[in-house]
1. May I ask you to list pairs of residues, at least six apart or on different chains, whose Cβ atoms are under 7 Å apart, with the first in the range 161-186 being under 14 Å from residue 60 (Cα atoms) and the second being modelled with pLDDT under 95 and of a type in the set (S, T, N, Q)?
2. Would it be correct to say that residue 110 is surrounded by 23 or more Cβ atoms within 10 Å (Cβ to Cβ) and of a type in the set (D, E, K, R)?
3. Residue 198 versus (1) at pLDDT below 90; (2) in a helix (DSSP H, G or I); (3) open to solvent by 10 Å² or more (accessible area, probe 1.4 Å); (4) touching a helix residue (DSSP H, G or I) at 6+ places or on another chain (Cβ under 6 Å): which is the lone unmet condition?
4. Among the residues of the range 84-93, what is the count of those that are charged (D, E, K, R) and without any contact (Cβ under 8 Å) to a residue 60 or more places away in the chain?
5. Just name the residue that is modelled with the highest pLDDT out of those in the range 220-247 that are of a type in the set (Asp, Glu) and either closer than 19 Å to residue 169 by Cα or open to solvent by less than 20 Å² (accessible area, probe 1.4 Å) (or both).
6. If we only count helices (runs of 4 or more DSSP H) wholly inside the range 1-107, which ones have 3 or more residues that are more than 25 Å from residue 284 (Cα to Cα), of a type outside the set (Val, Ile, Thr) and modelled with pLDDT of 80 or more?
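The values are calculated or read from the model by the stated rules, or taken from the named source; none is laboratory data. Worth saying up front: this structure is predicted, and the values here are computed from it rather than measured. Using ideal geometry, Cβ is built from the backbone for each residue, glycine included, and neighbour counts are taken over all protein chains shown. Each accessible area value is taken on the protein alone, full model and side chains, heavy atoms only, with ligands, DNA and RNA left out. Shrake-Rupley method; radii C 1.70, N 1.55, O 1.52, S 1.80 Å.
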Amino acid sequence: MSVFQDLVSENPMLIEMKRFIRRFLGISQTSVLNVATLIIVILIYLLILALVSVFDTGVTIKGLGIFLFVLLSFVVPTIMQGSVAGERERRSWEMLICAPITKAQIVIGKFLSGAAAVGAICALMAVPMMMAQTGYSYDIAQIPTTYGSQPDQPEPPPLPTKLEEMIRVEVVCVAYGLALVAFTLLASSRSRKSITALAVTYAFLILGLVVAPAILGMLIPDANAAAPFMYLHPYTAIEQDQYTYNMYNSSNPADNVLSAWHGIPQALVYLCFVAIFLIWAEKTLHFPESEAAFIPRSHDAGS
């Protein structure tokens, strides 16, 4: 059996996707809460569609992309917090680890259920993005650059189409969402309680997305100098694509080493973190259950 068959196509843990659907859409003891959550999500989605339709010249694809990244930051941790820690709380973890499946299959099965949710959310947001305006509808002549002012100056890069911009924003958001799924799964694998995994994930998000940029802004007021340190921030990945980075941050794009690495390359970096977090989570599941904690006690390497 190949690795793909073992971990994906024939993974017994794919049942997690069905459990996810039943938990949020099926009839159960918590169906009232699930229905209420579903209604709220539908209302928010309809509101977005209405706003895009009414303010068709004021809503941009980038703006919706930033909203999507914020939405994923709130939704994904709540979905994935109990992926492993919840099994421990329900006393079903012992039966799961005794089943004839590997730790890797458990991790991938849990991850794919969260990945399906991220894919569904991003697919739904593709509809208003197609209705929104591209962020490049302004006049190039109004941009204060020295493009073309001298014979040796390069011409400005061509304006991306709406489809190109939407694909770039969607790919970045999907990759960020998958990285967040993998990180929350890692936090859950190292926690005894779901609330601990949720708190740890939100703490890292607040530190990385809010606190660190604020401190960086105070220490390095120059946005150009601070740009390399903000490279992995989702806002930067969505807003500062190659075209915007070149046009606003330098009169000579040849001096911008990072300009060609904005957009899709940032999404590839997020996917690298997905692999790191999943491998880390799989290794964590080999720890003795007595050491299941987000910061486990040091233990003998030979034990």
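1. Pairs found: 162/134; 165/134.
2. Yes; evaluated as a whole, the condition is true for this residue.
3. That leaves (1) as the condition not met.
4. Step one: of the range 84-93, the residues charged (D, E, K, R) are 87-91.
When the remaining residues are screened for being without any contact (Cβ under 8 Å) to a residue 60 or more places away in the chain, the result is 87, 90-91.
Within the range 84-93, residues that are charged (D, E, K, R) and without any contact (Cβ under 8 Å) to a residue 60 or more places away in the chain number 3.
5. As a first pass, look at the range 220-247 and keep what is of a type in the set (Asp, Glu): 222, 239, 241.
So of that shortlist, the ones also either closer than 19 Å to residue 169 by Cα or open to solvent by less than 20 Å² (accessible area, probe 1.4 Å) (or both) come out as 239, 241.
Working: 239: 78, 241: 60.
The qualifying residue modelled with the highest pLDDT is 239.
6. On the way: elements: 15-25, 31-54, 61-80, 85-89, 93-98.
Once the helices (runs of 4 or more DSSP H) in the range 1-107 are filtered for at least 3 residues that are more than 25 Å from residue 284 (Cα to Cα), of a type outside the set (Val, Ile, Thr) and modelled with pLDDT of 80 or more, what remains is 31-54, 61-80.
Condition check ((1) at pLDDT 90 or above; (2) closer than 17 Å to residue 261 by Cα; (3) over 17 Å from the mean Cα position of the chain (by Cα)) across all residues:
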| residue | (1), (2), (3) |
| --- | --- |
| 161 | no, no, yes |
| 173 | yes, yes, no |
| 187 | yes, no, no |
| 206 | yes, no, no |
| 209 | yes, no, no |
| 217 | no, no, yes |
